[in-house]
Every structure is written in C-alpha cells, then in structure tokens.
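Q: Let me give you the structure first, and then I'll get to my questions.
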Amino acid sequence: MVLTNMDLILVKHFFTDQDAGYYSIAQMVGKIILFLPHPVVMVMFPKVTIMDAQKKETFPVLIRSLIMAGSLCVIGVILCHLFPALIIQILTGAAYPECIPLVKLFSLNMSFLSLTFVLLYYHLAKQKSGFLYSLVFLTLIQIGFIGLLHQTLPQVLLIVGGISVLLLGMNLYLAYRHERR
C-alpha cells in the first residue's frame, strides 16, 4: 500500500492542488492496469501453494502467470497510449489534456508493478519472505528520491517507474534463484 500510494501523498505535499489533481487522475488510470492481472494471481496462488506442498515444480506456473498478466498489461498500455484522452473522459467525465503524458507514463509504471505483484504472490505461495527486504528498501528509496527530486510530475513518474523496474528485476531474480536450488 505504501509503495503504490506514497507517491500521491508526496505529490500533494510538493505540488499545487491542480497538479496533484492531474496526477491523481493519471494514477486512477494506472491503478486499473495495476489490478488487471489480479484474476491471474487468484488462480496462480492456490495452485502454487498446493504444488509446492506436494514438492512439485512451480516455476512453469509462474512463467505462464507472468505471460498472462503481461499480456493483459500490454493491452492496457496500448489502449492508454492510443486513447488516453478518451479513457480520461470516460473515467472523469471531463477532458484534461494535461493528464495525457502522465497517463502514458503511469500505464507503463503500473504494468511493471503489476508483474511484480504476481511475483510477490508467488513468493508468498512458496512461503518465502526474502522479497520483503527489497520491497521495503526500494519503497524507502522511492520516498527519498521523490522527496529530493520532484521538480516535475513526469520526473516523479520516472522515479516510480525506475523503482518498479528494479523491484520486478529483483523479484524475478529471487524466484529464479529459489528455482535453481
């Protein structure tokens, strides 16, 4: 919760109310992409839990889940890049052209974070908690960077995106490392 909401709190603190409103609208669109793969996670989690208890190989289930979740995210990102104004209009009832570049960046960021959540649930299903260290560490790094480097809203989104990519990479590594053992 802190990872996906602290950026908005910091934006509300450091930027004008109008800028924070634009950011909030873009975040709303991004959160749709963030939650698109949750049905995949709801199927993957019990399957991995049962297979792990039976000492069966679970990594192929993770790979299939990431492919399905990634496909949903790609569709969401494409729609956000092709029709950002329409999506904003549907969700808010008004046109906010200032949100369009933010929506495009948010869609990418939330896609990486969405894939990370698939991996986090995979770790939980396998009763591994090592991922928590990188999650807490990178959440604190994100807060620090936004606190220090917040000249523009796209700059904030680049920080969020960078942290999302790092989290995804670290959790892929952890899943692969556990599989090799």
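Q: Tell me which of these Q127 doesn't satisfy, since it passes every other one: (1) farther than 30 Å from Q151 by Cβ; (2) without any contact (Cβ under 8 Å) to a residue 12 or more places away in the chain; (3) not in a helix (DSSP H, G or I).
A: Here Q127 clears every test but (2).
Q: Same structure again: For the stretch 15-27, which residues satisfy the criterion of being crowded, with 17+ Cβ neighbours inside 10 Å and either within 16 Å of M110 (Cβ to Cβ) or in contact with a strand residue (DSSP E or B) (Cβ under 8 Å, 6 or more places away or on another chain) (or both)?
A: If the condition is that a residue be crowded, with 17+ Cβ neighbours inside 10 Å and either within 16 Å of M110 (Cβ to Cβ) or in contact with a strand residue (DSSP E or B) (Cβ under 8 Å, 6 or more places away or on another chain) (or both), then Y23, I25, A26, Q27 are the ones that fit.
Q: Somewhere in the stretch 91-103, is a residue touching a Gly at 6+ places or on another chain (Cβ under 6 Å) and modelled with pLDDT under 95?
A: no
Q: Regarding the stretch 42-60, can at least one residue be identified that is under 25 Å from D7 (Cβ atoms), crowded, with 17+ Cβ neighbours inside 10 Å and not acidic (D, E)?
A: Checked against the condition, which is being under 25 Å from D7 (Cβ atoms), crowded, with 17+ Cβ neighbours inside 10 Å and not acidic (D, E), the stretch 42-60 yields no hits at all.
For (1) out of contact with any helix residue (DSSP H, G or I) (no Cβ under 7 Å at 6 or more places or on another chain); (2) farther than 22 Å from L36 by Cβ; (3) crowded, with 20+ Cβ neighbours inside 10 Å, each residue gets a yes or a no:
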position	(1), (2), (3)
N109	no, no, yes
Q127	yes, yes, no
L132	yes, yes, no
G144	yes, yes, no
E179	no, yes, no
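Q: Kindly list the number of the only condition in (1) in contact with a Phe, Trp or Tyr (Cβ under 6 Å, 6 or more places away or on another chain); (2) among the hydrophobic types (A, V, I, L, M, F, W, C); (3) buried (at least 22 other Cβ atoms within 10 Å of the Cβ) that fails for I33.
A: (1)
Q: Restricting attention to helices (runs of 4 or more DSSP H) lying wholly within the stretch 7-86, give those where 2 or more residues are over 23 Å from A175 (Cα atoms) and over 16 Å from the mean Cα position of the chain (by Cα).
A: In the stretch 7-86, 17-35, 59-82 are the helices (runs of 4 or more DSSP H) which contain 2 or more residues that are over 23 Å from A175 (Cα atoms) and over 16 Å from the mean Cα position of the chain (by Cα).
Q: Can you work out which of the residues in the stretch 132-181 that are farther than 30 Å from K55 by Cα and hydroxyl-bearing (S, T, Y) is farthest from the chain's Cα centre (by Cα)?
A: Here the residue is T152.
Q: Does I100 meet the test of being over 17 Å from the mean Cα position of the chain (by Cα), among the β-branched types (V, I, T) and more than 22 Å from D7 (Cα to Cα)?
A: no
The values are calculated or read from the model by the stated rules, or taken from the named source; none is laboratory data. This structure is a prediction, so every number in the text was calculated from the model and none was measured. Every residue, glycine among them, receives a Cβ derived from its backbone with ideal geometry; neighbour counts consider all protein chains shown.
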